[in-house]
Structure formats: C-alpha cells, structure tokens
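Here's the structure we're looking at; comments come further down.
The values are calculated or read from the model by the stated rules, or taken from the named source; none is laboratory data. Predicted, not measured: the structure shown is a model, and the values here were computed from it. Cβ: placed from backbone, ideal geometry, glycine included. Neighbour counts: every protein chain shown.
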Amino acid sequence: MAAVTAALFLISGEIPAQCPSAHWPVPSTSGEMIGFTDIGSMGGTEPFVTLTSGDGNVIVGHVVAPSGRLELFRWTTKEGLSSLGSFGGISAEATAISQDGSAIAGYFTDGKETAGHRLFRWTVEVGFQDLGPIDTSLTALSMSPDGNVITGWKRATHNRHDEQVDIPDQFHVFQWKAGSGITDLGFIGGRKSEVIAISADQKVFFGVVGGSSGAKGQYLFRWSRETGLEYLFELGALYERGSASLHGLFVSSDGTVAAGSLVKQPKNNVYDSFVFRWTRESGLQNLGVGQDSLVYLNGMSPDGKIVVGKRYLGHGKYMDFEVFRWVADGGLQTLPELNGSHVEIQRLSLDGQSIITESMTEEGKWRLERWTNGHGVDLLGLESQPSVLSWGVSLDGRAIAGPFFTSDCKEHIFRWTSPIPAP
C-alpha cells in the first residue's frame, strides 16, 4: 500500500506508580542510526505513533501536550523531532502519509463551541492546508504515493428545509487533488455500505455493502468509477446456516486482488473461518486455513501474491496463536517459530519476505520479533511491559517506531533499525 499506516493501539494509559520492567538495547551513536534511538516526547504524555514513511526515516504521531491539547509530532532522521501542533484547534490526528513522508493528511477539531471537524493536509513545501469542514463520518483512508491525492468516503446527505441532513447508511466516495480540491465521486450504492480497503492507485475500493434491489445479506463489493458497484459474493452464503463477519480485508496496489477472513459466529464456543483470496481472473479461492478455527488476516503484499495472518489455537496461560503465510506459488506455510501468546502481526514488508510481530513472553512481558524468509527469527532486543502496540514499521521491515518507558518512568518514542539479513 502507498500509505504506510500502523496499528492504532496503546496499552499504557497513565504512567504506573512503579516503572514497568523493560529491557532495551543501548541507544545508537552511529551516524547510520542503526539500533535503538530515543526520540523523546516533546514534554507530552501518552505518545502515539500512527504513521511512518516507506523507508522509515519519517515518523508521525501525536502526544497529549502540557496544555492538554492533542498535538501532532513529526520526526525525521535529518531534522529530528518537531511539533506540528493542533493547527489552532484542540486536537489533531494524522491518518495518511505519502511514501517519502513529506505529506500527511488527517483531521483537526477547530475548538469552537460546535467542536467542528476539518480535513487537513500538511506538506514540507506548503505547510498546513485547511481543506474544509467535515463531519465525523468522513474518513481520509488513503493517500497517493506522491501525496497529491487523498481518498476516502463520507456519509451521503440531502437538503431538507434548507439544511443538509445525513442519509442513513448511504455513503459517497470523495477525492481531494492538489490544484482542484475535493470532488464527490458518487454514491457507492446499496445500503449500509462501508469502504474497508483502497488500492494504492486510488481508483478501486473494496468493502461490505447491504443488499439492494431485493438482494439479501451482506456482500463483498468492488467499486470504481469505471465499473461502478460490483457484488463479488454474499458473505453469509459461504455457510449453510448462521451469520458471519469480516475480520481483515486487504487489496493489491492495482485493485485486481483482494484477500480477507470471514468468521462464522461461534456455536458452542467453536469458530469457523473462511480465509479467501479473490482475483479478477480466477474469482474466489479458499486458502484452506480457517476450518474449525478463528483466523485473522493481517496483511498482503502489494502484488497480492503473499498473505499473512494468525490462527487461534486456544487458551493456555494466555491466548495462543499460530502464524501462517500463504504464497501464490508455494501454498500455505505455517511459521511455528513465531507462535505465541497474544501474537500481533504488525507489518508485512513490501517484498513479502519479512514479518514483524509482537508477542507475550512466559513472564507476561511483550517482545518484538522479525521473521525473514530464508533466515528465520530475529529477536529485536525490545522487551517491555506493558505492550508497545502503537508503532509503525517501514516497508522493508528494517525500521520500527513506538512508545516506551524510560528508566525514570517517562513515556518516549523509540526508533529501532537493523539490517535485513540475507536469505
């Protein structure tokens, strides 16, 4: 995907009375910035890392400033840490980034009594741009690699008594382009439609939509301006009885491949999952990993040829998961060396050859690991309690950023880099 995003989780809350035990590598002093680097926190608390550039040399997130405002920060290898503030509002959040990290997009709250939300774009060359008012239902989901196109979806409205009123469960696709502003690309169609994934070229949308024209149930759809709304298959039709929900949906860069996991509601605490891959040429394919189990899909390579996910194995001391990798020319591969408790798959590298995971140790601490095809697992030397789930990973899997506790119990941001081993 062109826009590199990270999981938006942070399980830390307030700083504990006693600093949690942690083991961190010695900070790097080399010019190449290999190893562990303490980036700081601008004096704020509860740092979130939300975005990284493709090469990992730009990190974007937010902190709670001493003023109480939620402010954005940006860190680069050349310029270090800087504050972008909250653009005159009371909070700001970045949700999309360009490939080189020179452009970001997101929302800020203007601070007026109505607490209005506004879409913004920030670039190194231009700085802050206010792209206009939005409601909370509008979402900037994706940004083009060059940062000149922002794409998302918003709730449809109609005019009633000279006032714009939301139309329940109906959404339009919007696109902002540098030089031309926001364009409404049209109604997706159906009812209760939700866009989940957008192709890197910003032209194809995948998601879930309720039936229209008499169709029943929920459908996976593909939408573009050229083809309009295409119903690919009915989610519930994959099972003879009962309902099912989508747990992860990913799309290739050109929008010709999609992969996801459909989970049937449990009966007697037994789940069943249908892990699928859809292509324009071959249609629906069962990847054969989800029978009688709960499966989450966590990523797909940009060319759609590699899919990664995790399968629930049951409760031991903690929730245990098995990590798998499906390859178009090699089939299903399980990766037992990554199995563990509360495993979180955070990034599949651009070439699909590296997987970054976080898991819980027997002592109840969290550790970061990187699996590389042909090499195996590297323990990255990062082990802490509580979890550091708010972090970003570069497209090649060699740069990682997230929050950690310092020795004096302050919350800072770290960046960890290391060479990718040769297969």
Where residues in the range 124-138 are surrounded by fewer than 17 Cβ atoms within 10 Å (Cβ to Cβ) and modelled with pLDDT under 90, which of them is nearest to Val195 (Cα to Cα)? Ser137
Of the conditions (1) assigned to a strand (DSSP E or B); (2) touching an Asp or Glu at 6+ places or on another chain (Cβ under 8 Å); (3) not aliphatic (A, V, I, L, M), Phe274 fails just one. Which one is it? (2)
Output for the range 214-233, where each listed residue is at pLDDT below 80, closer than 18 Å to Val263 by Cα and surrounded by fewer than 18 Cβ atoms within 10 Å (Cβ to Cβ): Gly217
Identify all residues within the range 89-107 that are under 25 Å from Lys177 (Cβ atoms) and without any contact (Cβ under 8 Å) to a residue 40 or more places away in the chain; write none if there are none. Gly89, Ala92, Gly106, Tyr107
Residue identified as surrounded by fewer than 22 Cβ atoms within 10 Å (Cβ to Cβ), modelled with pLDDT of 80 or more and on the phi < 0 side of the Ramachandran plot among Thr361, Thr372, Thr357: Thr372
For Ala197, state whether it is crowded, with 16+ Cβ neighbours inside 10 Å and either touching a Ser or Thr at 6+ places or on another chain (Cβ under 7 Å) or at pLDDT 85 or above (or both). yes
Show the residue pairs that are 6+ apart or on different chains and have beta-carbon atoms under 9 Å apart, the first residue being within the range 245-273 and at pLDDT 90 or above and surrounded by fewer than 20 Cβ atoms within 10 Å (Cβ to Cβ), the second being of a type in the set (Asp, Glu) and not in a strand (DSSP E or B). Ser253/Asp201; Ser253/Asp303; Asp254/Asp201; Asp254/Asp303; Thr256/Glu281
Every residue from the range 393-423 that is touching a Leu at 6+ places or on another chain (Cβ under 7 Å), at pLDDT 80 or above, not aromatic (Phe, Trp, Tyr) and not in a loop (DSSP other than H, G, I, E, B): Ile400
If Gly211 meets every condition in (1) at pLDDT below 85; (2) farther than 25 Å from Phe324 by Cβ; (3) touching a Leu at 6+ places or on another chain (Cβ under 9 Å) apart from one, which number is that one? (3)
Quick one: count up the residues across the range 62-93 that are closer than 18 Å to Ile400 by Cβ and buried (at least 20 other Cβ atoms within 10 Å of the Cβ). 3
Go through the range 313-335 and give me each residue that's modelled with pLDDT under 85 and surrounded by fewer than 18 Cβ atoms within 10 Å (Cβ to Cβ). Leu313, Gly314, His315, Gly316, Lys317, Tyr318, Met319
Quick one: is Ser41 of a type in the set (S, T, N, Q), out of contact with any His (no Cβ under 6 Å at 6 or more places or on another chain) and either modelled with pLDDT of 90 or more or more than 30 Å from Leu297 (Cα to Cα) (or both)? no
In the range 40-61, anything crowded, with 21+ Cβ neighbours inside 10 Å and part of a strand (DSSP E or B) is listed as Pro47, Phe48, Val49, Thr50, Leu51, Thr52, Val58, Ile59, Val60, Gly61
Does Gly111 satisfy the condition of being surrounded by 20 or more Cβ atoms within 10 Å (Cβ to Cβ), modelled with pLDDT under 90, over 20 Å from Ile182 (Cα atoms) and touching a Ser or Thr at 6+ places or on another chain (Cβ under 9 Å)? no
Close pairs (8 angstrom Cβ cut-off, 6 or more residues apart or separate chains): surrounded by 17 or more Cβ atoms within 10 Å (Cβ to Cβ) and aromatic (Phe, Trp, Tyr) in the range 140-160, at pLDDT below 65 and assigned to a strand (DSSP E or B) anywhere: Trp153/Thr139
